[in-house]
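*Asks:* Pasting a structure below so you can have a look.
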Amino acid sequence: MSYATMPLSRIFCVAVFLTAMSSLRAEEHATFAVGEFTFARPANWAWVESTSQMRKAQLKVTDAASKASADVAFYHFGTGGAGTVQANVDRWLHQFVEPSDQINAKVEHTTVGKTKLTYVQAEGTYQSGMPGGQLTPMPGFALIGAILESDKGNVFVRMTGPKELVRSLVVDFKNMIESAPKKD
């Protein structure tokens, strides 16, 4: 049976079903857990299947013109995994070609509820790729990262992308991060 010969009521039912399924798909992963924290994905940030087993979740944010995008990766290595907060701050800042005094490096410590948070921001030529592997220089990029401290293992969240786009997403990023810790 073709759509031309299908009764209008059946076409309507199929359309309603497909619309409902796409709505469910859009809500998939609206919240997700990494370590002991549950994050709320901003509505206009897309869920992406992880490209690495080290990543516990991955999001993509595209600008309004769909010309630039930023990647957001979530990591959790368990208790004691991935080193100290400072070691990770240093690692993130050293992913830029330029020296730290030339990348507008900013480190901020705060607390939400009982959770200690560390934010890291930098801009410059970002070296994309796995440590010890092939690195691709990405000029004009920025990083904003967050480390959520936990006795069950810290959670590391890192956004990288073109600096104008990342700059425009700092508030949304921090809202997502600060909604995850328990407030009591």
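*Asks:* What number of residues within the range 44-77 satisfy the criterion of being in contact with a helix residue (DSSP H, G or I) (Cβ under 9 Å, 6 or more places away or on another chain), in a strand (DSSP E or B) and either in contact (Cβ under 8 Å) with a residue 40 or more places away in the chain or small (G, A, S) (or both)?
*Replies:* Summing the residues that are in contact with a helix residue (DSSP H, G or I) (Cβ under 9 Å, 6 or more places away or on another chain), in a strand (DSSP E or B) and either in contact (Cβ under 8 Å) with a residue 40 or more places away in the chain or small (G, A, S) (or both) in the range 44-77 gives 4.
*Asks:* Moving on. Name the single residue that is modelled with the lowest pLDDT among those in the range 116-144 being at negative phi and small (G, A, S).
*Replies:* The residue in question is G133.
*Asks:* Okay, next question. Whether any residue in the range 78-87 is crowded, with 16+ Cβ neighbours inside 10 Å and part of a loop (DSSP other than H, G, I, E, B) is what I want to check.
*Replies:* For the range 78-87, residues crowded, with 16+ Cβ neighbours inside 10 Å and part of a loop (DSSP other than H, G, I, E, B): present.
*Asks:* Can you give me the number of residues within the range 122-152 that are over 18 Å from the mean Cα position of the chain (by Cα) and assigned to a loop (DSSP other than H, G, I, E, B)?
*Replies:* 8
*Asks:* Right, here's the next one. Name the pairs: first residue in the range 149-161 and closer than 22 Å to Y126 by Cβ, second residue of a type in the set (S, T, Y) and at pLDDT 95 or above, Cβ to Cβ under 6 Å, at least 6 apart or on different chains?
*Replies:* F156/Y75; T160/Y126
*Asks:* Residue by residue through the range 73-102, note down the ones that are among the acidic types (D, E) and over 20 Å from the mean Cα position of the chain (by Cα).
*Replies:* Hits for the range 73-102 are E98, D101.
*Asks:* May I pose another question? Filtering the range 50-64 down to residues that are surrounded by 15 or more Cβ atoms within 10 Å (Cβ to Cβ) and farther than 14 Å from H29 by Cα, which residue is farthest from the chain's Cα centre (by Cα)?
*Replies:* D63
*Asks:* Please specify each residue of the range 153-184 satisfying the condition of being of a type in the set (D, E, K, R) and part of a helix (DSSP H, G or I).
*Replies:* Listed by number, the residues that qualify are K163, E164, R167, D172, K174, E178.
*Asks:* Tell me, which residue of the range 16-33 that is closer than 21 Å to S69 by Cβ and not in a helix (DSSP H, G or I) is modelled with the highest pLDDT?
*Replies:* F32
Condition check ((1) within 22 Å of D172 (Cα to Cα); (2) crowded, with 19+ Cβ neighbours inside 10 Å) across all residues:
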site	(1), (2)
S66	yes, no
A70	yes, yes
A73	yes, yes
A105	yes, yes
S128	no, no
P131	no, no
T136	no, no
I147	yes, yes
G161	yes, yes
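The values are calculated or read from the model by the stated rules, or taken from the named source; none is laboratory data. Just so you know, these numbers come straight off a predicted model, no measurement behind them. FYI the Cβ positions are ideal-geometry reconstructions off the backbone, even for glycines, and counts take in every protein chain you see.
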